[in-house]
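Reading through the structure tokens given below for one structure.
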Amino acid sequence: MRTENVQMLTAHHQLIKNDGDDVIQGLTQTPKILPSKYFYDDRGSELFEQICELPEYYPTRTEAGILREYANEIAQITGKCELIELGSGSSTKTIFLLDAYQKLANLSKYVPIDISGGILKVSVLKLQKKYPNLSIDGLVGTYEQALIKLASNASSSRMVFFLGSSIGNFNPQESDKFLSQVAYALNPGDYFLLGMDLQKPKDILEAAYNDNQGITAAFNLNMLSHLNGQFQGNFDLNLFTHQAIYNQADTQIEMYLHSHKSHWVSLEPLDLKVFLESGEKILTEISRKFDLAIMQKELEMHGLRTLKVWTDPQQWFGLILCQAFSVTK
């Protein structure tokens, strides 16, 4: 069995320095906002895995069902290639793809990429036991860091994939930038597989982000614990309440932390003191819901031509397989 290989894309101290800038910017603007990447310390990643098992949270099991049914077809379309997963987490759904590619002898390497080194190491160890002859190289870093690294490393045919509708966490401008980075990282003929949550009734959407067990609330509040640990902050989690609402106009879930009373918060290494009013809210995440036809046009504008689209019977979730056709490097 190969020894697992989990690389750091950037030195830890450098990550802290850079990440502090977006915390300062987010907490000093009106309304206040925190980047959703701060959900994913090791504890946050564990909580998200629990969210994926909740009865209200349909995206994970719905996307898994699509992959279970169509992974063989995806592997047949792309042929032999290297699989690169952005935001791999526990790689639970990825097993459907790995099995399909292994069965057809179409897999040269699997590269899982995640910002949480803890969950990445655990998942790589598990996968190495399941696939002892597969080359697995985990990368710890952000999507942007990973895509820059991928763009500089030309290789054989590759398929980058981004599951879980994580693209929904980007606003339209961020999504446009991300797709440009994906296209730049690919060579003509490479593939991109994108999973996205589709538009549906408000009651279904809001229930998925306000579960009865309070796991999503704990996940949201854990962001403040992460900031306390990383930036010596003094957020009191008891002074905040989780809320998720569906913004019909922008077709997106918006997740907030509401302050119960007026108080000061400090993050000493950032030389930051922030005053929160009673009733003030911090936006911690958006989760946009998509139209398949519109997304295909956006992908085409970035040099990514749709080859095939798959959905579940209810059309709650969609997978789009694209191929890069024009990339200027």
Notebook entry, point to check: Among the residues of segment 262-281, how many are in contact (Cβ under 8 Å) with a residue 40 or more places away in the chain, assigned to a loop (DSSP other than H, G, I, E, B) and either within 17 Å of Asp22 (Cβ to Cβ) or touching a Phe, Trp or Tyr at 6+ places or on another chain (Cβ under 8 Å) (or both)?
Noted result: 0
Next item on the list: With respect to Lys121, determine if the residue is farther than 21 Å from Ser225 by Cα and without any contact (Cβ under 8 Å) to a residue 60 or more places away in the chain.
Entry: no
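Would you call Phe178 on the phi < 0 side of the Ramachandran plot and either in contact (Cβ under 8 Å) with a residue 60 or more places away in the chain or in a loop (DSSP other than H, G, I, E, B) (or both)?
No; evaluated as a whole, the condition is false for this residue.
Pull up segment 15-45, narrow it to residues that are of a type in the set (Asp, Glu) and buried (at least 17 other Cβ atoms within 10 Å of the Cβ), then point me to the one that is modelled with the highest pLDDT. Before the answer, list the steps.
Our first condition is that a residue be of a type in the set (Asp, Glu); within segment 15-45, this holds for 19, 21-22, 41-42.
If we keep only those that are buried (at least 17 other Cβ atoms within 10 Å of the Cβ) as well, we get 19, 41.
On the way: Asp19: 65, Asp41: 91.
This residue is Asp41.
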Next item on the list: Go through the residues of segment 59-69 one by one and say whether even a single one is touching a residue at least 24 places away in the same chain (Cβ under 8 Å) and under 17 Å from Arg158 (Cα atoms).
Entry: no
Check: Does at least one position in segment 72-91 carry a residue that is modelled with pLDDT under 90 and farther than 14 Å from Phe161 by Cα?
Finding: yes
Next item on the list: For segment 248-259, name all the residues that are touching a Ser or Thr at 6+ places or on another chain (Cβ under 7 Å) and either hydrophobic (A, V, I, L, M, F, W, C) or buried (at least 17 other Cβ atoms within 10 Å of the Cβ) (or both).
Entry: Gln252, Ile253, Met255, Tyr256, Leu257, Ser259
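Let's see how each residue does on (1) closer than 21 Å to Asp190 by Cα; (2) touching a Lys or Arg at 6+ places or on another chain (Cβ under 9 Å); (3) not small (Gly, Ala, Ser):
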site	(1), (2), (3)
Gln102	yes, no, yes
Gly117	no, no, no
Ser123	no, no, no
Gln128	no, yes, yes
Asp137	yes, yes, yes
Gln145	yes, no, yes
Checklist line | Long-range neighbours under 7 Å by Cβ, at least six apart or interchain, first residue in contact (Cβ under 8 Å) with a residue 12 or more places away in the chain and more than 15 Å from Tyr209 (Cα to Cα) within segment 38-50, second of a type in the set (S, T, N, Q) and assigned to a loop (DSSP other than H, G, I, E, B) | finding: Tyr40/Ser116; Asp41/Ser116; Asp42/Ser116; Ser45/Ser116
Check: Is one or more of the residues making up segment 285-295 part of a loop (DSSP other than H, G, I, E, B) and either modelled with pLDDT under 95 or over 30 Å from Ala151 (Cβ atoms) (or both)?
Finding: no
Item checked: Contacts under 7 angstrom Cβ, first residue in segment 312-329 being at pLDDT 95 or above, partner among the basic types (Lys, Arg) and not in a strand (DSSP E or B), 6 or more apart -> Trp316/Lys200
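Determine whether Ile245 is surrounded by fewer than 16 Cβ atoms within 10 Å (Cβ to Cβ) and closer than 18 Å to Ala207 by Cα.
So Ile245 fits the description; yes.
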Next item on the list: Specify the residue that is nearest to Gln199 (Cα to Cα); the eligible residues are those in segment 260-288 that are among the β-branched types (Val, Ile, Thr) and surrounded by fewer than 21 Cβ atoms within 10 Å (Cβ to Cβ).
Entry: Ile286
Next item on the list: All but one of (1) in contact with a Lys or Arg (Cβ under 8 Å, 6 or more places away or on another chain); (2) within 30 Å of Ala249 (Cα to Cα) hold for Ser180, so report the exception by its number.
Entry: (1)
Next item on the list: Can you give me the number of residues within segment 218-235 that are without any contact (Cβ under 8 Å) to a residue 40 or more places away in the chain and small (Gly, Ala, Ser)?
Entry: 1
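Conditions (1) at pLDDT 90 or above; (2) of a type outside the set (Asp, Glu); (3) farther than 30 Å from His226 by Cα, marked per residue:
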{"residue": "Ala100", "(1), (2), (3)": "yes, yes, yes"}
{"residue": "Lys103", "(1), (2), (3)": "yes, yes, yes"}
{"residue": "Asp114", "(1), (2), (3)": "yes, no, no"}
{"residue": "Leu139", "(1), (2), (3)": "yes, yes, no"}
Notebook entry, point to check: So which pairs qualify, if the first residue must be in segment 129-147 and under 24 Å from Ala183 (Cβ atoms), the second must be of a type in the set (Phe, Trp, Tyr), the Cβ gap must be under 7 Å, and the two must be at least 6 apart or on different chains?
Noted result: Tyr143/Phe178
Check: How many residues are crowded, with 19+ Cβ neighbours inside 10 Å and under 19 Å from Glu174 (Cα atoms) when one looks only at segment 300-319?
Finding: 3
Check: Just to be sure, is Ala249 among the hydrophobic types (A, V, I, L, M, F, W, C), assigned to a helix (DSSP H, G or I), out of contact with any helix residue (DSSP H, G or I) (no Cβ under 9 Å at 6 or more places or on another chain) and closer than 24 Å to Arg288 by Cα?
Finding: no
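The values are calculated or read from the model by the stated rules, or taken from the named source; none is laboratory data. Just so you know, these numbers come straight off a predicted model, no measurement behind them. Positions of Cβ are backbone-derived with ideal geometry, glycine not excepted, and every protein chain shown enters the neighbour counts.
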